[in-house]
Amino acid sequence: MQTGFFLTTAGVRHKTNKMNKLKIAIQKSGRLSESSQKLLQECGIRFSNGTGSLRSAATNFPVEVLFLRDDDIPQYVEQGVADIGILGENMVLEKNKDVDLLERLGFARCRLSLAVKKEDSYPGISFFNNSKIATSYPRLLSEFLNKNGLKAEIEEISGSVEIAPGIGLADAICDIVSSGSTLLTNGLREVETLLTSEAVIIGNRNLPPSSKEIIEKLLFRIRSVKSASENKYILLNAPEKSIDRICSILPGMKSPTILPLAEKGWCSLHSVVREDEFWERIDQLKAAGAEGILVIPIEKMIR
Ligand code: PRP
Ligand code: ZN
């Protein structure tokens, strides 16, 4: 990174300097905060966590982590206060800001759902006509109501939405459901799903090339961490005559490694197997004559 000036496509003059750091916004506290920090740490980025201070510069990578309310992250990224943000897609869709979706992260999966009191009978979405619904997602909820030709009053509240029906504030709620335990403890029942969501990375639309370069490095690391968690390393022993069949079951990253065993006519085979295909492949391998199968977690997977 050189000191100097450059012009963006919009003709805006930006100053760059050697100390240019990428500002990453993550959730200060909540469903995503721990896993977002863990992801950055697994990418080898060292920073102190946000207890007390709301910003922390990494010691070994050109980034600064900002600890913010997830509700505010889309706006800050749009304005360029943060360059990129890690947050739930649900929040990105609700806030509808001018930002780019850079990567889906596959964790913090949840849904935005409507829930009613568990003792209420539910005839279908007509339940919501002329009802009052508490939510922190007024935009997505009114979109759903309009699409279904329903008229309801939206009570916008910023947190603890699940308490609303119990205290007589609303007839129903529209909120994030992950394990469902918050609904359960508050005597509510999920009846409609508006959308499903996962953690994503969003980015500012006018980033200078120096920031894009850091983002590319970061995304490369994130993808390596992600594919490692989606795959397992597998070792097994097999008679030589079964090797062709076993290779077709375990294609590996390029092709499996095959090493001779001390016992004549036998080999050891090393490969990689996808986590979601794991059990199915194991059954096929056993049927093909594989023995002594070892399965080992992968820490990083560089493609
Ligand atoms: C959501 C939601 C519930 C909880 C549901 O909060 O508001 O409180 O998660 O999870 P469960 O089904 O596993 O019990 P979130 O962390 O998204 O953030 P918020 O406090 O900003 O609403
Ligand atoms: Zn929040």
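The values are calculated or read from the model by the stated rules, or taken from the named source; none is laboratory data. Quantities reported herein were computed from a predicted structural model and do not represent experimental measurements. Note that each Cβ is placed from the backbone with ideal geometry, even for glycine, and that neighbours are counted across all protein chains shown.
Remarks
- Residues of region 163-182 that are in contact with a helix residue (DSSP H, G or I) (Cβ under 9 Å, 6 or more places away or on another chain), near ligand 1 (Cβ under 6 Å from one of its atoms) and touching a residue at least 40 places away in the same chain (Cβ under 8 Å): Asp175, Ile176, Val177.
- Among the residues of region 146-195, the ones that are away from ligand 2 (no atom under 16 Å from the Cβ) and of a type in the set (Asp, Glu) come to 5 in all.
- On the stretch given as region 258-274, residues that are surrounded by 12 or more Cβ atoms within 10 Å (Cβ to Cβ) and out of contact with any Ser or Thr (no Cβ under 6 Å at 6 or more places or on another chain) total 9.
- Unique residue being away from ligand 1 (no atom under 16 Å from the Cβ), within 21 Å of Val92 (Cβ to Cβ) and either modelled with pLDDT of 95 or more or of a type outside the set (Gly, Ala, Ser) (or both) when the list is Leu140, Leu195, Leu150, Leu207: Leu207
- Selection status of Leu112, within 16 Å of ligand 2 (Cβ to nearest atom) and at pLDDT 95 or above: yes
- Selection from region 24-44 of residues that are free of Cβ contacts under 8 Å to residues at least 40 places away in the same chain and farther than 19 Å from Glu198 by Cβ: Ser29, Gln41
- Qualifying residues in region 80-100 (those that are without any contact (Cβ under 8 Å) to a residue 60 or more places away in the chain and more than 13 Å from ligand 2 (Cβ to nearest atom)) - the one surrounded by the fewest Cβ atoms within 10 Å (Cβ to Cβ): Asn96
- Evaluating Ser160 against the criteria (1) away from ligand 1 (no atom under 16 Å from the Cβ); (2) closer than 18 Å to Thr135 by Cα; (3) without any contact (Cβ under 8 Å) to a residue 12 or more places away in the chain leaves one unmet condition, (1).
- Residue within region 201-215 that is within 33 Å of the chain's Cα centre (by Cα) and over 28 Å from Gly106 (Cα atoms) present: no
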